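Below is one structure, written out as structure tokens; the observations come after it.
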Amino acid sequence: MARADHLDPDHNLWHWLAVDLRVWREERNLSQADLARICGVDNSTVSNWESGSAKIPQKRTETLDRVWRTRGHFARLHRLADSSHDPNWFQQFTAYERRAAVVSPYAALLVPALLQTPEYARALIVSGQMIDDVDAAVEERMARQEILERSDPPNLWVLIKESVLWDFIGSPEIMRKQLTHLLDMSQRRGIVIRVIPRSVGAHPGVDGSFTILDVNGAEVAWSEAVGGGRLVMDSTNVREYRVRYDRIGADALSRDSTRSLVAEVLEAIP
């Protein structure tokens, strides 16, 4: 059973929701199995909700408000938590990333972290001028790539805007290594890299980068932003990211054409 003794409901709205879920359940003398039946899920899912290791979906909070007659309390708290910033979002995202069966990033500005070379990552981190321990930040980013070296690596389906290939990060040598790395990784089983060519013009990906993770058959999304990002858990909102990802992919080059384009950019590096 997942533990909840680490929750901090005074400072984290999702923890508040998790604690209230347990408190209101226990006040009604219900077991986690009883709550699972009410919500139409299994016992482990309820345990994860109450421990804070998973977030209860909005529609389940609406079910609880209706069954328990709580006058919108759980749905209201869910909306409040969902609209607020959670400083732990990135840590939660990387935890999901380690468990994901499929990782699907769309990169509008930079090579996705899972495909960055150490030199490219270092150049990015240094240029940001926001991190004191650059070495530790590079090591942390490289550590995320270890999932690709497992005996059962996730499928990695990548969409990259063409401008990412042409925007030099660091020196020409750094970009040469980075593009060569993309070509090498594109040959791996389970990794698909496709580029959205500049000729497409305006498309659904101009709003920014995001990543969709398939974890145990359910999807979560990570939306990148300056200074952080946002973890999207609600199934309705995640579905919108999936539709956007598929629409972007509809305009992407094939894998072979993408390799040809990357090779072309590589040859153009002075």
Checking the conditions here, which among S199, S171, S186, S209 is of a type in the set (G, A, S), touching a helix residue (DSSP H, G or I) at 6+ places or on another chain (Cβ under 9 Å) and in contact (Cβ under 8 Å) with a residue 60 or more places away in the chain?
S186
For region 96-178, which fully contained helices (runs of 4 or more DSSP H) count at least 2 residues that are closer than 19 Å to R230 by Cα?
134-144
Return the residue satisfying two criteria in turn: it lies in region 212-244 and is more than 23 Å from L124 (Cβ to Cβ), out of contact with any strand residue (DSSP E or B) (no Cβ under 9 Å at 6 or more places or on another chain) and assigned to a loop (DSSP other than H, G, I, E, B), and of such residues it is most open to solvent (accessible area, probe 1.4 Å).
N216
Filtering region 141-156 down to residues that are surrounded by 14 or more Cβ atoms within 10 Å (Cβ to Cβ) and out of contact with any Pro (no Cβ under 9 Å at 6 or more places or on another chain) yields R144, Q145, P153, P154, N155
Selection count, region 245-256, where residues are touching a residue at least 60 places away in the same chain (Cβ under 8 Å) and open to solvent by 40 Å² or more (accessible area, probe 1.4 Å)
2
With the checklist (1) in contact with a helix residue (DSSP H, G or I) (Cβ under 8 Å, 6 or more places away or on another chain); (2) at pLDDT 95 or above in hand, flag the one item Q58 doesn't pass.
(2)
Listing of helices (runs of 4 or more DSSP H) fully contained in region 4-93 that carry 2 or more residues being more than 22 Å from L231 (Cβ to Cβ), open to solvent by 50 Å² or more (accessible area, probe 1.4 Å) and not polar (S, T, N, Q)
13-27, 32-39, 58-68
When A95 is evaluated against the numbered criteria (1) at pLDDT 95 or above; (2) farther than 21 Å from R60 by Cα; (3) out of contact with any Lys or Arg (no Cβ under 6 Å at 6 or more places or on another chain), which criterion, by number, is the only one it fails?
(1)
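The values are calculated or read from the model by the stated rules, or taken from the named source; none is laboratory data. Please read all numbers here as calculations on a predicted model, not as lab measurements. Glycine also receives a Cβ, built like all others from the backbone with ideal geometry; neighbour counts cover every protein chain displayed. To get the accessible areas, we keep the full protein, side chains included, count just its heavy atoms, and leave off ligands, DNA and RNA. Shrake-Rupley method; radii C 1.70, N 1.55, O 1.52, S 1.80 Å.
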